[in-house]
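> Starting off with a structure, shown below.
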Amino acid sequence: MDFTRREALAIGGAAALSFVLPLRANAAVDDLIAEFTGGADIGDSGVELTAPEIAENGNTVPIEVSAPGASAIMVLAAGNPTPPVATFNFGPLAASQTASTRIRLAGTQDVIAIAKLEDGSFARSAKTVKVTIGGCGG
Amino acid sequence: MISRRDFLQVSMAASALVGASGFGNWSRLAAQQALTQEQLLQFDTFGNVSLIHVTDIHAQLKPIYFREPSMNIGVGANKGVVPHVTGAEFRRLYGIDDGSPSHYALSSGDFSALAREYGRVGGLDRVATVVNAIRADRPDALLLDGGDTWHGSYTCYHTEGQDMVNAMNGLKPDAMTFHWEFTLGSDRVAEIVKGLRFAALGQNIFDAEWDEPAELFPPYKFFERGGVKIAVIGQAFPYMPIANPGWMFPEYSFGIRDENMQAMVDEVRAQGAELVVCLSHNGFDVDKKMAGVVKGIDVILSGHTHDALPEPVLVGDTIIVASGSNGKFVSRVDLNVQNGRMMGFRHKLIPIFSDVIEPDAEMTALIDEQRAPYEAELKEVIGQTDSLLYRRGNFDGSWDNLICDALLSEREAEIALSPGVRWGPSLIPGQDITREDIWNVTSMTYGEAYRSEMSGEMLKIVLEDVADNIFNPDPYYQQGGDMVRTGGLGYRIDISKPQGERISDMTLLKTGEPIDPGRNYVIAGWASVNEGTEGPKIWDVVEAHIAKLGTVTVSDNDSVTVVGA
């Protein structure tokens, strides 16, 4: 079968992709959390983080955070070159303490949400979001 | 007072008895002589509701051979448990005699010989006979199609799914959910769905732009059957835009969305649902995990991973039913629902032995009508096979070895990659290979066979990535399917390691040299999810290769060493 230069350049499969292995948490993450909490202990209930298990598009990953009664929720993408995504502040008149947005992920990593709850304590939730090449289905 | 749990346990035993009467009790010769339609359909109608489940038909309208896998490794909590039990071990687990019809239908081993004895399986006209017989017992039985219906054959490709839509209309399902259907492109899917005579369900089919439920696909539908208010919730394949080309259906977003599933279960319960059925294309392990996370689902009809199980698997109070693929099985599930609770069930996985089950004449005519315009092309003999050609297996199947050989030789590549899909019937030694047979294992809307260069480093990243999509210990991170098949490349894989550490000893088989991370290799493959992929169609590549060979002999592929399983 003839093969042309044009075909040789038509990159298929995964060749055009640049995703690498799961990204380790950026060292600054612990510092950022400590700064947010003032070093206080962090519980694991009180904040919910909704994110896909596997991102359909790592450039725009929908996430939602919710923490009833919280005054602030910080969201970090632990493996991004710049981990801070957003800190949502809720005033006393806020009807609900829920926020959703889309974030960009450099690769497979943990997304972390830390909430400052009504009683001043802190809660943490994290979810691994996989950024994958994909390509084979059943 | 017997608790609900006890009831389920008791009826689980009852179900096993039905399974036993349906499976494994016939001696080999007796079976050949005496296996009757009546026996296959025998079922003591139970309770007040019947569900009929078909799934992953992959456009197989006619009887075929289909060999089940001999390797299907489970990881994490699913290691060594069904459906990750194969061959003789599977038969021991369910008390199935070697050489029995159930051996042939449900497990690998001695396949070619048993295929000659028991003949082909499937055929939608035989499925129609079974469905009609169940409806004769229970006229208001619900027929539910788990999806992967409008994909996988020559006629399906050329009619853009219309042959399957027409044939399924003849079967009159009540609802379906989706996966490969979306690879027809979102416009075509919308066109078909708008005219569909049954519900198109998917609680996890969302509008990509607004991340809101997509209007075209309701999350659930209510049915009143046997005086019972039944809610059927759809669950489409969660990872469509990742495992298949997302650019073909950019309007949609999927995902498991188990929190929304819980919300839907709560919603239908609040509206008075007495029985909640999830029609799922998650894949078996994902369904098992979801059954533990989401409370209140009575029955999950599981599809995608093509597992055929003679008994349901129980997770808490949820039963999970797996009904195989390629039209080879129909599941019947009878339920006793009282006062809004599922009090018991009786189940039978009915293998469609095509020589035993009488075809339904009306459906035969309908199928023939779909095929008539293409009959000459379908029947054309391209070559013969001396070997058993099959697809299922975690790392290779002889069909894929042949496809990889075709890519290496026709595309003059050093390494070939072939996707680890699980659809595609088998051929037994001595059979002709027709054009239809080639299309049955290659047909898709993105079948371009690309040729490009890839560095050794990138090749490893690809293998690691695909391996993690299959062997990640958390089922929610698995996409179903099998490992990408390789031609011209050997490697060692340690299943137990994390991503990035599983693959080692990559070797270019042609020279025996280790793969050099820094060197570029000429790679040929097909089924790229990338837009704009160019190359000849894979079925043309394979046809050219087989035509040159005349008679195909495929040797075992021992180029992958598997450890840690």
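What follows draws every value from the coordinates through simple rules; no lab data is involved. Note that the structure is a prediction, hence the values are computed from the model and not measured. Neighbour counts run over all protein chains shown; Cβ positions are idealised from the backbone, glycine included.
> How large is log10 of I(q)/I(0) for segment B:4-369 at q = 0.13 Å⁻¹ when the intensity is taken from the Debye formula with one equal scatterer per alpha-carbon?
Debye output, listed in q order: -1.01.
> Could you give the spread of the C-alpha atoms of segment B:380-563 along their three principal axes, from largest to smallest, in whole angstroms?
Sorted largest first, the three principal extents are 46, 34, 33 Å.
> Related question: Once you have the Cα-Cα distance between B:ASP98 and B:ASP558, take 0.36 nm times their residue separation minus that, and quote the gain in nm to one decimal.
Gain on stretching B:ASP98 to B:ASP558: 162.9 nm.
> Additional query: Can you give me the distance in nm between label points at B:ARG341 and A:ALA28, each placed 7 Å from the Cα along the Cα-to-Cβ direction?
Distance between the two pseudo-spin positions: 5.7 nm.
> Using the charge dipole of the protein assembly as shown (Lys, Arg: +1 at Cβ; Asp, Glu: -1 at Cβ; taken about the Cα centre), state which of B:PHE223, B:GLY146, A:GLN109 has its Cα farthest towards the positive end.
Farthest towards the positive end: B:PHE223.
> About the Cα centre of the protein assembly as shown, what is the dipole size in debye to 20, counting +1 per Lys and Arg Cβ and -1 per Asp and Glu Cβ, all else neutral?
Numbers: 56 positive and 92 negative charges, 207 e Å.
That gives a dipole near 1000 debye.
> Looking at this model, which pairs from B:LYS172/B:LYS295; A:LYS130/B:LYS295; B:LYS221/B:LYS289; B:LYS288/B:LYS510 are more than 32 angstrom apart at the alpha-carbon? The partial results should precede the final answer.
Numbers: B:LYS172/B:LYS295 30 Å; A:LYS130/B:LYS295 26 Å; B:LYS221/B:LYS289 24 Å; B:LYS288/B:LYS510 43 Å.
Pairs exceeding 32 Å: B:LYS288/B:LYS510.
> Give me, ordered by chain and number, the residues 5 or more places off B:VAL337 or on other chains with an amide H under 5 Å from its own placed amide H.
B:ASN48, B:VAL49, B:MET343
> Restricting things to Cα coordinates, could you compute the convex hull volume per residue of segment B:162-252 in Å³? Intermediate values should be presented prior to the final figure.
On the way: hull volume 8.7 nm³, N = 91.
Here the figure is 96 Å³ per residue.
> Next up: Among B:PHE178, B:ILE205, B:MET164, which residue has its Cα furthest toward the positive end of the charge dipole of segment B:139-213, with +1 on Lys/Arg Cβ and -1 on Asp/Glu Cβ?
The residue sitting most towards the positive pole is B:MET164.
> Another question, then. Once the convex hull of the alpha carbons of segment B:274-354 is built, what does its volume come to per residue, in cubic angstrom?
Output value, Cα hull per residue: 79 Å³.
> Right, next: Just to be sure I understand the model, the point goes 7 Å from the Cα along the line to the Cβ. What's the resulting B:ALA136 to A:ALA126 distance in nm?
6.1
> About the Cα centre of segment B:380-563, how large is the charge dipole given +1 on each Lys and Arg Cβ and -1 on each Asp and Glu Cβ? Please answer in debye to the nearest 20. Walk me through the numbers on the way to the answer.
On the way: 15 positive and 30 negative charges, 30 e Å.
Taking the Cα centre of segment B:380-563 as origin, the dipole is about 140 debye.
> Which residue, B:LEU51, A:PRO81, A:ASN59, has the largest displacement toward the positive end of the dipole of the protein assembly as shown when charges sit on each Cβ (Lys, Arg +1; Asp, Glu -1)?
So the residue we want is B:LEU51.
> Cα gyration tensor of segment B:502-548, axes a ≥ b ≥ c as square roots of the eigenvalues: rounded (a/c below 1.5), prolate (a/b > b/c) or oblate? Could the numbers behind the result be given before it?
Values: a/c = 2.71, a/b = 1.56, b/c = 1.73.
It is oblate, given that a/c is not under 1.5 and a/b is not larger than b/c.
> Plugging the Kirkwood radius over Cα pairs into Stokes-Einstein for the protein assembly as shown, at a temperature of 10 °C and a viscosity of 1.306 mPa s, what D comes out in µm²/s?
61
> A follow-up question, please. From the helices alone, meaning DSSP H stretches of at least four residues, give me the mean residue ellipticity at 222 nm for chain B, per-run term -39500 (n - 2.57), in deg cm²/dmol to the nearest 500.
Dividing the helical sum by the residues of chain B leaves -9000 deg cm²/dmol.
> Using the Kirkwood radius over C-alpha pairs as Rh, can you work out the diffusion coefficient of segment B:56-172 via Stokes-Einstein at 37 °C, viscosity 0.692 mPa s, in µm² per second?
200
> Amide H to amide H under 5 Å from B:ALA308: which residues, 5+ apart in sequence or cross-chain, H placed 1.01 Å off N in plane?
When sequence neighbours closer than 5 places are left aside, the close amide H contacts are B:GLY324.
> Turning to a different aspect of this structure: Could you list B:LEU184, B:LEU51 so that the one with the fewest beta carbons within 10 Å of its beta carbon is first and the one with the most is last? Mind dumping the intermediate values first?
Working: B:LEU184 22, B:LEU51 27.
Lowest count first: B:LEU184, B:LEU51.
> Test of understanding: ordering B:ASP405, B:ASP334 by Cβ neighbours within 10 Å, fewest first, what list do you get?
Least crowded to most crowded, the residues run B:ASP405, B:ASP334.
> Under 17 Å between alpha carbons, and skipping anything fewer than 8 positions from B:LYS229 in its own chain: which aspartates and glutamates qualify?
Straight-line reach from B:LYS229, under 17 Å: B:ASP140, B:ASP174, B:ASP266, B:GLU267, B:GLU274, B:ASP298, B:ASP334.
> Under a point spin-label approximation (7 Å from Cα along Cα-to-Cβ), what is the B:GLU513-A:THR101 distance to one decimal in nm?
Here the modelled spin labels are 5.0 nm apart.
> List B:TYR252, B:TYR477 from most exposed to least, where exposure is judged by having the fewest other Cβ atoms within 10 Å.
In increasing order of surrounding Cβ atoms, one gets B:TYR477, B:TYR252.
> Taking 10 °C and 1.306 mPa s as the conditions, I'd like the Stokes-Einstein D for segment A:41-133 in µm²/s, using the Kirkwood hydrodynamic radius from alpha carbon pairs.
Numbers: Rh = 13.2 Å.
Taking Rh from Cα pairs, D becomes 120 µm²/s.
> Additional query: Through the Karplus equation 6.51 cos²θ - 1.76 cosθ + 1.60, θ set to phi - 60°, convert the phi angles of segment B:318-329 into ³J(HN,Hα) values in whole Hz; use x for Gly and Pro.
Ordered by residue, 3J(HN,Hα) equals 9, 9, 10, 10, 10, 10, x, 7, 6, x, 7, 9 Hz.
> Only Lys, Arg, Asp and Glu count, each charged at its Cβ (+1, +1, -1, -1), so figure out the dipole size of chain B about its Cα centre, rounded to 20 debye. Please report the intermediate quantities before stating the final value.
On the way: 47 positive and 78 negative charges, 310 e Å.
Using Cβ point charges on Lys, Arg, Asp and Glu, chain B gives about 1480 debye.
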